[in-house]
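Asker: Handing you a structure now.
The values are calculated or read from the model by the stated rules, or taken from the named source; none is laboratory data. If you're wondering where the values come from, they're calculated on a predicted model, not measured in any experiment. Neighbour counts run over all protein chains shown; Cβ positions are idealised from the backbone, glycine included. Accessible surface areas use protein heavy atoms only, side chains included; no ligands, DNA or RNA. Shrake-Rupley method; radii C 1.70, N 1.55, O 1.52, S 1.80 Å.
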Amino acid sequence: MKQTNSCIKIIRLLLLNAKWIMLGILLLNLFVFGYWSKMNERGLCDEETFWGIVIIVVLIVFFIFDRVWKKIVNKICSNNDTMYK
């Protein structure tokens with residue numbers, strides 16, 4: 001029982017901080033993995049551009065619908081809490 005509750009708490013924490021995780025992934029891709037310099041030198045391929053746009057759109061959606069996202073996550077995690085008791 002305790003392991004299930006701790007797993008749910010970890011999942012809830014990850015989901016509630018999804019916008020910051022996505023921002024971290026975006027910054028890692030741009031600066032650490034060298035996509036910024038690659039983009040300025042010769043451009044990105046279609047797949048890299050697609051996934052960059054997806055990350056940016058998801059990040060914007062998370063920032064705009066932050067309250068709604070938190071309500072959804074809390075509802076999902078509270079339903080799982082009662083299911084395992």
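Asker: Taking a 1.4 Å probe, which of 16, 28 shows the most accessible area, and what order do the others take after it?
Answerer: Result, largest first: 28, 16.
Asker: In addition: Just to confirm a number: summing +1 for Lys and Arg and -1 for Asp and Glu over residues other than residue 63 whose beta-carbon lies under 13 angstrom from that of residue 63, what do you get?
Answerer: Around residue 63, the surrounding residues sum to +2.
Asker: Per residue, what accessible area does the chain have, given a 1.4 Å probe and all protein chains present, in Å²?
Answerer: Accessible area per residue: 79 Å².
Asker: For the chain, give the magnitude of the charge dipole about the Cα centre (Cβ charges: +1 Lys/Arg, -1 Asp/Glu; no others), in debye to the nearest 20.
Answerer: Roughly 660 debye, rounded to the nearest 20.
Asker: If ligands, DNA and RNA are left out, what is the accessible area of residue 48 with a 1.4 Å probe, given in Å² to the nearest 10?
Answerer: Probe radius 1.4 Å; accessible area of residue 48 about 50 Å².
Asker: Hey, another quick one. Give the lysines reachable from residue 9 as a straight Cα distance under 23 Å; neighbours fewer than 8 places away on the same chain don't count.
Answerer: Partners found: 19, 70, 71, 75, 85.
Asker: Can you check what the net charge comes to around residue 30, using other residues whose Cβ is under 13 Å from the Cβ of residue 30 (Lys, Arg +1; Asp, Glu -1)?
Answerer: Result for the neighbourhood of residue 30: 0.
Asker: Continuing with the same structure: Testing the spin-label approximation: label points 7 Å from Cα along Cα→Cβ at residue 25 and residue 56. State their distance in nm.
Answerer: 1.6 nm
Asker: Could you tell me how many degrees, from 0 to 90 and to the nearest 10, lie between the Cα long axis of helix 46-64 and the main elongation axis, the longest principal axis, of the Cα atoms of the chain?
Answerer: So the helix axis and the longest Cα principal axis differ by about 40 degrees.
Asker: Tell me the accessible surface of residue 32 in square angstrom (1.4 angstrom probe, heavy atoms of protein chains only), to the nearest ten.
Answerer: Approximately 100 Å² for this residue.
Asker: Residue by residue through the range 28-43, what is 3J(HN,Hα) from phi via Karplus (6.51 cos²θ - 1.76 cosθ + 1.60, θ = phi - 60°)? Round to whole Hz and write x for glycine and proline.
Answerer: Rounded to whole hertz, the list is 4, 4, 5, 9, 6, 8, x, 6, 5, 5, 5, 5, 6, 7, 10, x.
Asker: Between (1) 14.9; (2) 13.1; (3) 16.9, which entry matches Kirkwood radius over Cα pairs in Å as derived from the coordinates of this structure?
Answerer: Label (1) holds the value from this structure.
Asker: When the chain is fully extended, how far beyond the present Cα-Cα distance does residue 11 get from residue 67, taking 0.36 nm per residue of separation?
Answerer: 18.4 nm
Asker: If we count chymotrypsin sites (Phe, Trp or Tyr not before Pro) as exposed when they sit in a DSSP loop and have at most 15 other beta carbons within 10 Å, what is the longest stretch of the chain that avoids them all?
Answerer: In the chain, the maximal stretch lacking such sites is 1-32.
Asker: Ok, one more. For the chain, what does -39500 (n - 2.57) per DSSP helix run (n ≥ 4), summed and divided by total residues, give at 222 nm, in deg cm²/dmol to the nearest 500?
Answerer: -26000 deg cm²/dmol
Asker: So, one more: With a 1.4 Å probe and every protein chain left in place, tell me how much accessible area residue 11 has, in Å² to the nearest 10.
Answerer: Roughly 90 Å² of residue 11 is accessible to a 1.4 Å probe.
Asker: Probe radius 1.4 Å, ligands and nucleic acids ignored: give me the carbon and sulfur share of the accessible area of the chain as a rounded percent.
Answerer: That fraction is 69 percent.
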